[in-house]
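The values are calculated or read from the model by the stated rules, or taken from the named source; none is laboratory data. Please read all numbers here as calculations on a predicted model, not as lab measurements. We place every Cβ from the backbone using ideal geometry, glycine too, and count neighbours over all the protein chains shown.
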Amino acid sequence: AQSALAAIDARRDLNAFLHVDPELTLAQARAADAALAAGRAGALAGVPIAHKDVFVTRGWRTTAASRMLEGYVSPFDATVVERLAAAGAVSLGKLNCDEFAMGSSNENSAYGPVRNPWDPAAVPGGSSGGSAAAVAAGLVAGATATDTGGSIRQPAALCGVSGIKPTYGTVSRYGMIAYGSSLDQAGPIARSAQDLVELLDPIAGFDERDATSLERCGGRPNAAGRVRAEFDAFRAAAGADRPLQGLRIGVPREFFGPGLATDVAHAIDAALAKLEELGAVRVDVSLPRTELSIPAYYVIAPAEASSNLSRYDGVRYGHRAPEYRDLADMMARSRAEGFGPEVQRRILVGTYVLSHGYYDAYYLQAQKLRRLIAEDFQKALRGQCDVIVGPVSPTVAWNLGEKADDPVSMYLADIYTLSLNLAGLPGVSIPCGFGAGEVNGRRPVGLQIIGDYFDEGRLLGIADIFQ
Ligand code: GLN
């Protein structure tokens, strides 16, 4: 724990950590030592991890990278935090991210952007940029993250590490600061598929404190042990010679359109060839509404965000404007001062699409599209292929500031990740090579492996063999 704290201090240039508290960390480390000595250590005893700053934590401050929650300390731990601590993991602190998890580059943090460890000129991706950068820089073995529209998979891809967004409802959202509740899902970022199993297995499981938490995953209970058992079973069944023999990998033609950068396309093609060498069979599939996932998501996510963020009113908690005329003025000023520009933009879009007269035209249409997008995946996954494979991001990491003034170009970068959240499906992102960089010439590319509901164990098994 001491050396990890020193390493974090030595890499302050990355701006990956928002809150570090050596006393809290060392207390957890001592508890892990004691458990080891007493022979009752959890599976993660002493493993250094850190949490995205949207998970509430007793002790460490929680800000969601917003001025609105500056200095806030939660009276309780999120379920994910609690479960990792129970397994013995030692938290090194709280990780930077986009404000309220809104963004794709980590430039929307009120506490400054995170830098990509591969290249300080590049963004780390977002919104879990601190999580991906901390793992990529070797500061922690794993980190928690959240994925509403790609925020686990895309920063993992851009930082050359691995991440999994589990099936909606398998990991508890209790204590996770809400963005788009019907889309939000927590998951780990780590270096390898095996490490993702170690971190996901203990956090996945039913939680009665989350109303959308699932009690069952298909035929099986949603409980610790499920992901690991399915991962182990897949690995055990894989032959040594061609371990992916007969696995049908669907390659959606819409993921390889003109928007895909050639360097990323090359790395993905090489990954597909490697999967075929391992025995997988390539199947051409179609996800015809891929492009429509962008407008659908950027209506639904802001709509839910505008509702979720109404709680930050300067009354109950969070920032309160120092001067005001009356109650309405106090709320308006508190919100104007506390929320950054991207968060305000989302609230405005969200309240607009939910307004009388616009609801049918935007929100309802987006919900209908959402259903059709989910059906497209079902058509592919329940007949044509076993998993779907493609890029995570259309480009490698771009330069800090490059898209900062153009929100729409930032939204377009989410094209391959949003549809899974709309459908609730699981997806893994693993490193598969490098594209052309502008400074050091090495910017990582991520491969996305998408499965049917509750397929986490098998997806990680495939990722593990590929790695
Ligand atoms: N980039 C997307 C957004 O800004 C997704 C963010 C996320 O997954 N939290 O909404």
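Name the single residue, out of those in segment 162-192 being touching a strand residue (DSSP E or B) at 6+ places or on another chain (Cβ under 6 Å) and of a type in the set (A, V, I, L, M), that is farthest from residue 449 (Cα to Cα).
Of everything passing the filter in segment 162-192, 176 is farthest from residue 449 (Cα to Cα).
When segment 31-58 is examined, which residues are found to be of a type in the set (A, V, I, L, M, F, W, C) and either assigned to a loop (DSSP other than H, G, I, E, B) or at positive phi (or both)?
Hits for segment 31-58 are 38, 41, 43, 44, 45, 47, 54, 56.
Any idea which of 71, 88 is more than 20 Å from the chain's Cα centre (by Cα) and without any contact (Cβ under 8 Å) to a residue 12 or more places away in the chain?
Working: 88 fails: without any contact (Cβ under 8 Å) to a residue 12 or more places away in the chain.
Answer to the selection: 71.
What are the pairs with Cβ atoms under 7 angstrom where one residue, in segment 1-23, is touching a residue at least 24 places away in the same chain (Cβ under 8 Å) and the other, located anywhere, is among the polar types (S, T, N, Q) and outside any strand (DSSP E or B)? Sequence gap at least six, or different chains.
If the second residue must be among the polar types (S, T, N, Q) and outside any strand (DSSP E or B), the pairs left are 1/25; 5/25; 15/96; 16/96; 17/96; 18/63; 18/96.
Tell me, yes or no, whether segment 441-461 has at least one residue that is modelled with pLDDT under 95 and over 20 Å from the mean Cα position of the chain (by Cα).
Yes, there is a match, as at least one residue in segment 441-461 is modelled with pLDDT under 95 and over 20 Å from the mean Cα position of the chain (by Cα).
So residue 39 clears everything in (1) modelled with pLDDT of 95 or more; (2) out of contact with any helix residue (DSSP H, G or I) (no Cβ under 6 Å at 6 or more places or on another chain) except one condition, right? Which one?
Residue 39 satisfies every listed condition except (1).
Pairs under 6 Å by beta carbon, first residue closer than 15 Å to residue 124 by Cβ in segment 403-414, partner near the ligand (Cβ under 8 Å from one of its atoms) and not polar (S, T, N, Q), six or more apart or different chains?
Partner pairs satisfying both residue conditions: 403/410.
Residue pairs, Cβ under 6 Å, 6 or more apart or interchain, first in segment 324-342 and closer than 12 Å to residue 312 by Cα, second basic (Lys, Arg) and surrounded by 11 or more Cβ atoms within 10 Å (Cβ to Cβ). List them.
Qualifying pairs under 6 Å: 334/320; 338/67.
Condition check ((1) within 16 Å of the ligand (Cβ to nearest atom); (2) touching a His at 6+ places or on another chain (Cβ under 9 Å); (3) under 22 Å from residue 100 (Cα atoms); (4) not small (Gly, Ala, Ser)) across all residues:
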residue	(1), (2), (3), (4)
317	no, no, yes, yes
330	no, no, yes, yes
335	no, yes, yes, yes
351	no, no, yes, yes
376	no, no, no, yes
404	yes, no, yes, no
420	yes, no, yes, yes
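Mind checking whether some residue in segment 384-396 is within 14 Å of the ligand (Cβ to nearest atom), touching a Lys or Arg at 6+ places or on another chain (Cβ under 6 Å) and in a loop (DSSP other than H, G, I, E, B)?
yes
Test of understanding: among 342, 291, which residue is in contact with a Pro (Cβ under 8 Å, 6 or more places away or on another chain) and surrounded by fewer than 20 Cβ atoms within 10 Å (Cβ to Cβ)?
342
Conditions (1) buried (at least 19 other Cβ atoms within 10 Å of the Cβ); (2) over 21 Å from residue 165 (Cα atoms); (3) not aromatic (Phe, Trp, Tyr), marked per residue:
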site	(1), (2), (3)
211	no, no, yes
217	yes, no, yes
221	no, no, yes
232	no, no, yes
242	no, yes, yes
247	yes, yes, yes
268	yes, no, yes
277	no, yes, yes
286	no, yes, yes
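Please go through segment 5-21 and give me each residue that is buried (at least 16 other Cβ atoms within 10 Å of the Cβ) and over 23 Å from the mean Cα position of the chain (by Cα), ordered by number.
Passing the criteria: 5, 7, 21.
Here are 224, 236: which of them is in a loop (DSSP other than H, G, I, E, B) and not basic (Lys, Arg)? Spell out the reasoning first.
Values: 236 fails: in a loop (DSSP other than H, G, I, E, B).
Just a single option satisfies the conditions, and that option is 224.
Evaluate the following for residue 297: is it within 27 Å of the chain's Cα centre (by Cα), within 13 Å of the ligand (Cβ to nearest atom) and among the aromatic types (Phe, Trp, Tyr)?
It is true that residue 297 is within 27 Å of the chain's Cα centre (by Cα), within 13 Å of the ligand (Cβ to nearest atom) and among the aromatic types (Phe, Trp, Tyr).
Residue 371 - would you say it is away from the ligand (no atom under 16 Å from the Cβ), modelled with pLDDT of 95 or more and part of a helix (DSSP H, G or I)?
Against the criterion (away from the ligand (no atom under 16 Å from the Cβ), modelled with pLDDT of 95 or more and part of a helix (DSSP H, G or I)), residue 371 qualifies.
Looking at segment 174-204, which of its residues are more than 16 Å from the ligand (Cβ to nearest atom), closer than 19 Å to residue 421 by Cα and part of a loop (DSSP other than H, G, I, E, B)?
Scanning segment 174-204 gives a single hit, 174.
Residue 241 fails exactly one of the following numbered conditions: (1) more than 16 Å from the ligand (Cβ to nearest atom); (2) assigned to a loop (DSSP other than H, G, I, E, B); (3) touching a residue at least 40 places away in the same chain (Cβ under 8 Å). What is the number of that condition?
The number of the failed condition is (3).
Counting residues that are away from the ligand (no atom under 16 Å from the Cβ) and either of a type in the set (Phe, Trp, Tyr) or out of contact with any Ser or Thr (no Cβ under 7 Å at 6 or more places or on another chain) (or both), which helices (runs of 4 or more DSSP H) fully inside segment 59-165 reach at least 3?
Working: elements: 79-86, 129-136, 153-158.
Counting at least 3 such residues, we get 79-86, 129-136.
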